[in-house]
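First comes the structure, then the notes that go with it.
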Amino acid sequence: MERGSPLPGVFTGDRARVQALGLPAGLEARVLATLDGERAGARTRAQRESMAQRESMAQRPWYRCEEGGGAFGWSLWDTDGAGHARLWLAADRYGVLHVCACWQPEGLAWACVRLPGGGWLSLSPGAGRHPLWGACDLVGHPAAPCARIPAQDYLRLREVPPLDRPAALPAGGGAALLNFLARLMAERGEERVRYRGPYPTAHLFDAFERSFAWLDGDAAPGPPEDERAAVAGLRASERASLRARFSAEEWPAALDAAPGNWRSPEVQWRPDPWLGMQPQPGLTLHWRRGPATVWIGSRRFEAGGRGAPDAGGCRVWPCPDGGYAAGLVLLGQPWRILAWLDEAGHPRRLELAGAGPTPLEGPLPGPWRSVVFDWATLAATPALATAVAALEPEVTLAWAPLSAAVVELDPAAGGATGGATLRLQSGIAAQFRRLAQEGRPPPELALMAVSDAAGGAEGALRRLAQERLAALAAPEPDELLRQGAAAQERARARLRRELPALVAGLARDEGWGIG
């Protein structure tokens, strides 16, 4: 299986991707027939198992039934002459292709990974250069590269490389790429891997958790999903410690950091990749002993307790009567359910959000503005903090009845400042009043409301700040860090004054700026 061609400029569908691999004719025909059968609903779990047993007799290549004897899909692997495992294809039980990778004797020729919101992300080894990193692999759409990673030997991956512009990737692109690397490492039996590169941030730690399990000081992996409840408190404390250790040393922006200065955070990881499934258009699951992430369109909903700040209140949780729900969680309680799944991930019901902008219900009062922006400034890395703080005069904050999100950013909405508009879920106020009427302590609810709103806004403001910073001439790294530290100190001082007053007012049901 060495006849693959370079990455074509444009693919016209899954069939074209398979045909571009240059598989032997008989194998290509079987792969296409398998995909067609899955899409038509003609293949059963028993047929997948039979297929895997028949193909594995040849040893090279071989089919792999995914989790539960093929209940979730299959993949196609082989090895090179030195015995290194190579992933060619991964498809789900619905006949949807999620990974397509072409290999040549010297290594990976190209790869494509499916994006949850539609479309594909490509990986083109050796197709670019970086002024500090030298030879690079390009990441992006086939005709529009958007990021680079240092050139890698994908047959012998033992470290996770950095990405120079993670914010430039489309929604879910970083997760899909990182999971592809995790699958290769897991198949080769890599039990302890580390990140090596600049900027080991807390956000990067969260991204790693989606495809890797952290190893604590005793080399024990993070607990499986069915054990989380019993050890939640202990693991939460341990996770917080590891997350702090991972991000203990923050470098200047990746564009300004030479590889000779890179070090590896001491936190070690075990590859623990998810399996992609797309039961129907607009719904994508990342399955890892259950739905770790549910994508409804390009919106991400994550299983509770994963600590991913970008997810805001968009969560996945088990239902009392079995199966899972995905939707909005506000003040620790479900607010709106958008998807119901059975125990195997089949959708029972799905509600897609309507198109078009959400009408505004009212601007956030002044204390809200200062708390939201100070919160985001403190959560940012020092190199980004100044850019986050600089957004305050130009971004309008407004309540809105969002149907499927805690926050929505419209970069060109105008508003009172003439800049972007950040819409915050008005259901936060309604949820506060409902739970207060049920007897929950108002001060506790008020602090949770601020945390939900400011925590959700933080991710959107950080991404907008990264875009603004990337458009500017690269500043001197030391000066950037100095300015960032000063911005965070100002934010910390103002937050100490404003946050207690805002929480006290909300606890009295005052200061919401919305009826």
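Just a few scattered comments:
- Annotation note: of 238, 249, the sole residue that is modelled with pLDDT under 80, within 29 Å of residue 484 (Cα to Cα) and outside any loop (DSSP other than H, G, I, E, B) is 238.
- Spans of strands (runs of 3 or more DSSP E) in region 323-395 with at least 2 residues among the acidic types (Asp, Glu), under 23 Å from the mean Cα position of the chain (by Cα) and modelled with pLDDT of 90 or more: none
- For region 161-170, the candidate set comprises residues that are in contact (Cβ under 8 Å) with a residue 40 or more places away in the chain and assigned to a loop (DSSP other than H, G, I, E, B); within that set, the residue that is nearest to residue 132 (Cα to Cα) is 164.
- Filter pass, residue 195 being among the aromatic types (Phe, Trp, Tyr), crowded, with 19+ Cβ neighbours inside 10 Å and in contact with a Gly (Cβ under 8 Å, 6 or more places away or on another chain): no
- Candidate set from region 208-218 (those that are out of contact with any Ser or Thr (no Cβ under 9 Å at 6 or more places or on another chain) and free of Cβ contacts under 8 Å to residues at least 60 places away in the same chain); member that is surrounded by the most Cβ atoms within 10 Å (Cβ to Cβ): 214
- A residue that is in the same structural domain as residue 368 (by TED's automatic domain parsing), of a type outside the set (Val, Ile, Thr), farther than 23 Å from residue 429 by Cα and at pLDDT 80 or above cannot be found anywhere in region 495-513.
- Residue in region 171-188 that is on the phi > 0 side of the Ramachandran plot and without any contact (Cβ under 8 Å) to a residue 24 or more places away in the chain present: no
- Among the residues making up region 35-48, those that are surrounded by 16 or more Cβ atoms within 10 Å (Cβ to Cβ) and either among the charged types (D, E, K, R) or at pLDDT 80 or above (or both) are 35, 38, 43, 48.
- Failed criterion for residue 213 (all others in (1) at pLDDT 85 or above; (2) of a type in the set (A, V, I, L, M, F, W, C); (3) part of a helix (DSSP H, G or I) hold): (3)
- When residue 472 is tested against (1) farther than 27 Å from residue 335 by Cα; (2) assigned to a helix (DSSP H, G or I), just one condition goes unmet, and that condition is (2).
- Every residue from region 477-515 that is outside any loop (DSSP other than H, G, I, E, B) and β-branched (Val, Ile, Thr): 503
- Selection within region 176-204 - within 29 Å of residue 461 (Cβ to Cβ) and touching a helix residue (DSSP H, G or I) at 6+ places or on another chain (Cβ under 8 Å): 178, 195, 197, 198, 199, 200, 202, 203, 204
- Screening 422, 480, 435 for residues that are more than 20 Å from residue 299 (Cα to Cα) and touching a strand residue (DSSP E or B) at 6+ places or on another chain (Cβ under 7 Å) leaves exactly one candidate, 435.
- Residues in region 82-132 that are crowded, with 19+ Cβ neighbours inside 10 Å and aromatic (Phe, Trp, Tyr): 88, 103, 110, 120.
The values are calculated or read from the model by the stated rules, or taken from the named source; none is laboratory data. None of the values given here were measured: they were computed from a predicted structure. Neighbour counts run over all protein chains shown; Cβ positions are idealised from the backbone, glycine included.
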